[in-house]
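**Student:** I have a structure I would like to understand better, so I am pasting it below and will then ask my questions one at a time.
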Amino acid sequence: MKIVSACLAGVNCRYDCKHQERLNIVEMVKNGEALPICPEQLGGLSTPRPPAEIIGSKVITNEGVEVTDQFNHGAQEALKITKLAGVKKALLKSKSPMCGSGKIYDGTYSGNLKKGDGVFAKLLKENGIEVESVD
């Protein structure tokens, strides 16, 4: 069993109320091989919502609102689900401040990237879960 970013499974849960559907991930979910999850929604954030990026140790929207607590809460709730399901691997949306692994947006809202992990990806890695980034 794997955890996958719900937006990759075709769920309209991104900040812009769209998805980033990948047919192979949709098939994994249909076949019972993966659970779709959106940690941002689990943290209480609405859809649609303003885009956010990590700036230092905080998560800030492009409107200047700090959403660090919601991101941390959502990541913790998603981790609970991950552990309950016995998941050992996650396929997460690249570049996201929640799910990105290895590279995330740099906090300038300019589309530039920096090395780093999103809040959920980092938490999974800290708990021994393998994370694969999906474009």
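The values are calculated or read from the model by the stated rules, or taken from the named source; none is laboratory data. Because the structure is a prediction, the values reported are computed rather than measured. Heads up, the Cβs are rebuilt from the backbone with ideal geometry, glycines too, and the neighbour counts pull from every protein chain shown.
**Student:** Please tell me if A85 is under 15 Å from L35 (Cα atoms), modelled with pLDDT of 95 or more, among the hydrophobic types (A, V, I, L, M, F, W, C) and in contact with a Pro (Cβ under 9 Å, 6 or more places away or on another chain).
**Tutor:** Answer is no for this residue.
**Student:** Considering each of G118, G107, G111 in turn, give the residue that is modelled with pLDDT of 95 or more and within 13 Å of the chain's Cα centre (by Cα).
**Tutor:** Every option except G118 fails the conditions.
**Student:** What about T47, is it modelled with pLDDT of 95 or more and in contact with a Cys (Cβ under 8 Å, 6 or more places away or on another chain)?
**Tutor:** Working: modelled with pLDDT of 95 or more: yes; in contact with a Cys (Cβ under 8 Å, 6 or more places away or on another chain): yes.
Against the criterion (modelled with pLDDT of 95 or more and in contact with a Cys (Cβ under 8 Å, 6 or more places away or on another chain)), T47 qualifies.
**Student:** Which of the residues that make up the stretch 89-118 are in contact (Cβ under 8 Å) with a residue 60 or more places away in the chain and under 15 Å from V4 (Cα atoms)?
**Tutor:** Within the stretch 89-118, the first condition is being in contact (Cβ under 8 Å) with a residue 60 or more places away in the chain, and the residues that meet it are 89-93, 96, 99, 116, 118.
Passing the criteria: K89, A90, L91, L92, K93, S96, C99, G118.
**Student:** Anything in the stretch 34-90 that is within 20 Å of G116 (Cβ to Cβ), surrounded by 15 or more Cβ atoms within 10 Å (Cβ to Cβ), of a type in the set (S, T, N, Q) and more than 13 Å from the chain's Cα centre (by Cα)? List them, or say none.
**Tutor:** T61, T68 - these are the residues of the stretch 34-90 that are within 20 Å of G116 (Cβ to Cβ), surrounded by 15 or more Cβ atoms within 10 Å (Cβ to Cβ), of a type in the set (S, T, N, Q) and more than 13 Å from the chain's Cα centre (by Cα).
**Student:** What number of residues within the stretch 101-131 satisfy the criterion of being of a type outside the set (F, W, Y) and not in a loop (DSSP other than H, G, I, E, B)?
**Tutor:** Qualifying residue count for the region: 14.
**Student:** Of all residues in the stretch 1-47, which are outside any loop (DSSP other than H, G, I, E, B) and charged (D, E, K, R)? So that I can check it myself, show each step before the final result.
**Tutor:** Taking the stretch 1-47 as the starting set, the residues that turn out to be outside any loop (DSSP other than H, G, I, E, B) are 2-9, 23-30, 34-37, 39-42.
Within the stretch 1-47, K2, E27, K30, E40 qualify.
**Student:** Further question: Restricting attention to the stretch 75-98, which residues are part of a loop (DSSP other than H, G, I, E, B) and closer than 14 Å to E130 by Cβ?
**Tutor:** G86, V87, K88
Here's the yes/no breakdown for (1) touching a Phe, Trp or Tyr at 6+ places or on another chain (Cβ under 9 Å); (2) β-branched (V, I, T):
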{"site": "T68", "(1), (2)": "no, yes"}
{"site": "F71", "(1), (2)": "yes, no"}
{"site": "E77", "(1), (2)": "no, no"}
{"site": "K80", "(1), (2)": "no, no"}
{"site": "V87", "(1), (2)": "no, yes"}
{"site": "L92", "(1), (2)": "yes, no"}
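**Student:** Scanning for something under 18 Å from L123 (Cβ atoms) and of a type in the set (G, A, S), does the stretch 37-47 turn up at least one residue?
**Tutor:** yes
**Student:** Of a type in the set (A, V, I, L, M), at pLDDT 95 or above and surrounded by 15 or more Cβ atoms within 10 Å (Cβ to Cβ): which single residue out of M1, M98 fits that description?
**Tutor:** M98
**Student:** Looking at the stretch 12-24, I want the residues that are within 17 Å of A34 (Cα to Cα) and among the acidic types (D, E) and have a partner that is at pLDDT 95 or above and not in a loop (DSSP other than H, G, I, E, B) with Cβ atoms under 9 Å, at least 6 apart or on another chain. Which pairs are those?
**Tutor:** E21/C7; E21/L8; E21/A9
**Student:** Now, a different point. Would a scan of the stretch 21-31 turn up a residue that is buried (at least 22 other Cβ atoms within 10 Å of the Cβ) and under 13 Å from the mean Cα position of the chain (by Cα)?
**Tutor:** No, the stretch 21-31 contains no residue that is buried (at least 22 other Cβ atoms within 10 Å of the Cβ) and under 13 Å from the mean Cα position of the chain (by Cα).
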